[in-house]
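Note sheet for the following structure.
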Amino acid sequence: MVLGENRAAAAPDMAAGKERIMDENIRKRNEMLAQKVIKGLKSRNMTGYYAATKEEACAQALDIISEGSSITMGGCMSAIEIGLVDALKAGPYNFIDRNAIADPREALLAAYDADVFLASANAMTEDGIIVNIDGNSNRVSCIAQGPKKVVFIVGMNKICDDVDGAMKRARNVAAPINAQRFGLSTPCSKTGACADCKSIDTICCQFLITRFSRHEGRIHVILVNDNLGF
Ligand code: SF4
């Protein structure tokens, strides 16, 4: 093999090695940042957990959710991505599938009355504030009040510096993707950025900023060292 061939053969190995080091650096940085978020959550009477992997996150959620609990969710892709929804459906739990309830009001009331509500965040701040926007508002209303426990599954990709950054992420990253996902006719679904619209299809009817929980043990946030949701 000539020298040039040796170099060509080594190049993919070097690239893979560099990528592994970068991944490791990102993982370490996320782990340290998660501890800061958990501290912030504690100061706000909410409980934070760190999960290094999706599998750890799923196990942590199952540790928080008692067997026999009634559970609902509001469009929480992150809970699906970590395998939690499948585990709950297969296990000794009463998982209420809102799509299986024909009457929307009945589905709403069932969610409000559940033991556990699964949610993700559109964004979070480094000091533990949770930001969500909603069109129908079933999701934000259940986070604010109703279900006995709320379990958030949050990928570290959702963490922002402050509330301003979190709102920008919610409106310029999460909302355009969700608007496209649901085929909504909003400016952001066409341009990818928020135009502060008042379209009938807007998914920005209500903004919920969860900065403190008065109810001890109600809000649990599992921070996952992975990219989850939008
Ligand atoms: S206000 Fe309208 S344009 Fe802006 S993110 Fe919400 S739905 Fe999209």
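The values are calculated or read from the model by the stated rules, or taken from the named source; none is laboratory data. Predicted, not measured: the structure shown is a model, and the values here were computed from it. Glycine gets a Cβ as well: all are built from the backbone with ideal geometry, and neighbour counts include every protein chain shown.
All of Gly146, Gly155 fail the test of being crowded, with 22+ Cβ neighbours inside 10 Å and away from the ligand (no atom under 16 Å from the Cβ), apart from Gly155. Considering only residues in the stretch 74-95 that are touching a helix residue (DSSP H, G or I) at 6+ places or on another chain (Cβ under 7 Å) and at pLDDT below 95, the one that is surrounded by the fewest Cβ atoms within 10 Å (Cβ to Cβ) turns out to be Gly75.
Taking helices (runs of 4 or more DSSP H) as the structural unit, those lying wholly within the stretch 72-151 and holding at least 2 residues that are farther than 24 Å from Thr202 by Cβ correspond to 77-81, 84-90, 104-112.
When only residues in the stretch 56-71 that are over 16 Å from Gly229 (Cα atoms) and part of a helix (DSSP H, G or I) count, which is nearest to the chain's Cα centre (by Cα)? Out of the qualifying residues, it is Ala61. Among the criteria (1) within 13 Å of the ligand (Cβ to nearest atom); (2) without any contact (Cβ under 8 Å) to a residue 24 or more places away in the chain; (3) surrounded by fewer than 18 Cβ atoms within 10 Å (Cβ to Cβ), the one Phe207 does not fulfil is (2). With respect to Ile200, determine if the residue is in a loop (DSSP other than H, G, I, E, B) and either touching a residue at least 24 places away in the same chain (Cβ under 8 Å) or more than 8 Å from the ligand (Cβ to nearest atom) (or both). Yes; evaluated as a whole, the condition is true for this residue. For the stretch 163-191, the candidate set comprises residues that are in a loop (DSSP other than H, G, I, E, B), of a type outside the set (Val, Ile, Thr) and over 20 Å from the mean Cα position of the chain (by Cα); within that set, the residue that is nearest to the ligand (Cβ to nearest atom) is Leu184. Per the conditions (1) more than 13 Å from the ligand (Cβ to nearest atom); (2) within 30 Å of Lys28 (Cβ to Cβ); (3) touching a helix residue (DSSP H, G or I) at 6+ places or on another chain (Cβ under 9 Å), the sole criterion not satisfied by Asn132 is (1). Regarding the stretch 42-53, can at least one residue be identified that is part of a loop (DSSP other than H, G, I, E, B) and either charged (D, E, K, R) or crowded, with 17+ Cβ neighbours inside 10 Å (or both)? Yes: one or more hits.
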